[in-house]
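What follows is a short report on a single structure.
The values are calculated or read from the model by the stated rules, or taken from the named source; none is laboratory data. Predicted model only: the values in this text are computed from it and were never measured. So basically every Cβ, Gly included, is an ideal-geometry build from the backbone, and we count neighbours across all protein chains shown. Accessible surface areas use protein heavy atoms only, side chains included; no ligands, DNA or RNA. Shrake-Rupley method; radii C 1.70, N 1.55, O 1.52, S 1.80 Å.
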Amino acid sequence: MPSPYRAIFAAPGTKGFSAAGLIGRLPISMVGVGILTMISEITGRYAMASALTGTLALAAAVIGPQVSRLVDQYGQRRVLRPATLVSVAAVAGLLLAAANGLPDWTLFVFAAIAGCVPSVGSMVRARWTTLYRDSPRELHTAYSFESVVDEVCFIFGPILAIGLSTTWFPEAGPLIAAVCLLVGVWLLTAQRSTEPAPHPRGAEAKHTSALRSPGLQVLTATFVATGAIFGSIDVSTLAFAEEQGHKSAASFILAIWAAGSCLAGIVFGLLHLKGRTERRWVLGICAMAVSMIPLLLAGNLPFLAVALFVSGLAIAPTMITTMALIEAHVPRAKLTEGMTWISTGLAVGVAVGSSVTGLVIDAAGAQRGYVVSIAAGTAAAAVAFAGYRRLTRPAQGEEPSTDGDGDNSAEAPADHVA
């Protein structure tokens, strides 16, 4: 591991909570595609499968920030364990309902309840922030490492989920994902020494949300469109691989996409770039949008794999920069909630993108599903450009999470961290 990455693990407890976070984050990439594969295996209905995964994502988008707000207020251990138990129980109910052919509405009920799944990635990033808040360079490297971990999950998660559901039994993918969530959260919350201190709030601040920040509003809105990219690509790739007669290959194609992002994240974590963070963020969003165009031209799986690898190169650097921007626009007492709103935006986008793509595929074929990806990329770029000025303004109200100056508030300050 390059020395900047070794350095961040010098602090006690970092290896432990990082390992637990890796296990707890596998469900991010396993549950959705696992349910999609399960339902398509049992019923062959892609519209139904994508609507169900969309329901789960949308429920997580609504409930997730509330869970994280409680975490900021009461601490990770007190909130994450009961929330995880509810989510795992709901996933179990969903699997039993699907296996026994219960009415469709029962599947949607369980999917909605399962949406209380905690944002494990936000919890881990909050621990890094607590450790390295006053060390911008180390914090940048930690965020880069976390983006790499995310991509590792997206490399192996779909392979596990699709592979288990297609070769073992249809419910196997979501089942293993639920087990990983339960184990990961329990291991993470058992490590008390690195847990961020809770921030009890007075009555006047109890009901305020981190989303009141104009900068966070821009980031969240942009990531709704970005989530639609992710959701549409997942559904389209699975359907396209099935049309080509190699459905199980979809997991490897999606892994190649994540591998491109993983590689870019590793390199980005070693850089020490200067300049305005907001401009790099807009550039990253635009790069993702442009990289969607070749997907519509893919006529076979090898071409699609290459196109997805190239498009993945823009993902991790953009996510890393996004986390730095959140720190500048969200008060310290609401940092976990602020990070979760990005996941919320992605979840809403995944819900919309996967649902719309399922309808498009059923009507016009798998390759046409990538039209949704292109449209979502265009929308993300448009929102990023429209909201650029909000990101360049200093945060108002409560003290932001970092001590960056007002002119360039993204990375405490942006001239010191990429």
Out of the residues in region 31-72 that are of a type in the set (S, T, N, Q) and in a helix (DSSP H, G or I), state the one that is most open to solvent (accessible area, probe 1.4 Å).
66
Is it true that some residue in region 121-143 is in contact (Cβ under 8 Å) with a residue 60 or more places away in the chain and under 26 Å from residue 38 (Cβ atoms)?
yes
Among 293, 285, which is the only one that is surrounded by fewer than 16 Cβ atoms within 10 Å (Cβ to Cβ) and modelled with pLDDT of 90 or more?
293
Tally up the residues in region 109-125 that are assigned to a helix (DSSP H, G or I), open to solvent by 10 Å² or more (accessible area, probe 1.4 Å) and within 10 Å of residue 86 (Cα to Cα), please.
2
Within region 85-101, is even one residue crowded, with 23+ Cβ neighbours inside 10 Å and not hydrophobic (A, V, I, L, M, F, W, C)?
yes
Any idea how many residues of region 355-390 are closer than 21 Å to residue 297 by Cβ, open to solvent by less than 40 Å² (accessible area, probe 1.4 Å) and not in a helix (DSSP H, G or I)?
2
Give the residue, chosen from 62, 67, 79, that is modelled with pLDDT of 80 or more and in contact with a Gly (Cβ under 8 Å, 6 or more places away or on another chain).
62
For region 146-194, name all the residues that are over 15 Å from residue 258 (Cα atoms), of a type in the set (D, E, K, R) and modelled with pLDDT under 85.
171
Any chance you could count how many residues in region 1-44 are of a type in the set (S, T, N, Q), over 15 Å from residue 148 (Cβ atoms) and within 21 Å of the chain's Cα centre (by Cα)?
1
Test: residue in region 368-376 that is at pLDDT 85 or above, out of contact with any Cys (no Cβ under 9 Å at 6 or more places or on another chain) and of a type in the set (Phe, Trp, Tyr)
yes
Six or more apart or on different chains, Cβ atoms under 7 Å: show the pairs whose first residue is in region 79-107 and within 16 Å of residue 60 (Cβ to Cβ) and whose second is surrounded by 14 or more Cβ atoms within 10 Å (Cβ to Cβ) and not hydrophobic (A, V, I, L, M, F, W, C).
80/118; 80/189; 83/118; 84/118; 91/174
Consider only pairs whose beta carbons are under 6 Å apart and that are at least six residues apart or on different chains; among these, list those whose first residue lies in region 334-354 and is assigned to a helix (DSSP H, G or I) and whose second residue is among the charged types (D, E, K, R).
334/72; 336/72; 337/69; 337/72; 339/125
Taking residue 104 as meeting all but one of (1) within 22 Å of residue 191 (Cα to Cα); (2) over 16 Å from the mean Cα position of the chain (by Cα); (3) not hydrophobic (A, V, I, L, M, F, W, C), write down the number of the exception.
(1)
Could you say whether any residue in region 298-318 is over 30 Å from residue 49 (Cα atoms) and either in contact with a Gly (Cβ under 8 Å, 6 or more places away or on another chain) or assigned to a loop (DSSP other than H, G, I, E, B) (or both)?
yes
Would you pick out the residues in region 254-275 that are within 19 Å of residue 142 (Cβ to Cβ), at pLDDT 80 or above and either hydrophobic (A, V, I, L, M, F, W, C) or more than 18 Å from the chain's Cα centre (by Cα) (or both)?
262, 263, 264, 266, 267, 268
Kindly list, by first and then second residue, each pair from a residue in region 355-378 that is farther than 18 Å from residue 58 by Cα to a residue that is open to solvent by 70 Å² or more (accessible area, probe 1.4 Å) and part of a helix (DSSP H, G or I), limited to pairs with Cβ atoms under 6 Å and residues at least 6 apart or on different chains.
366/243
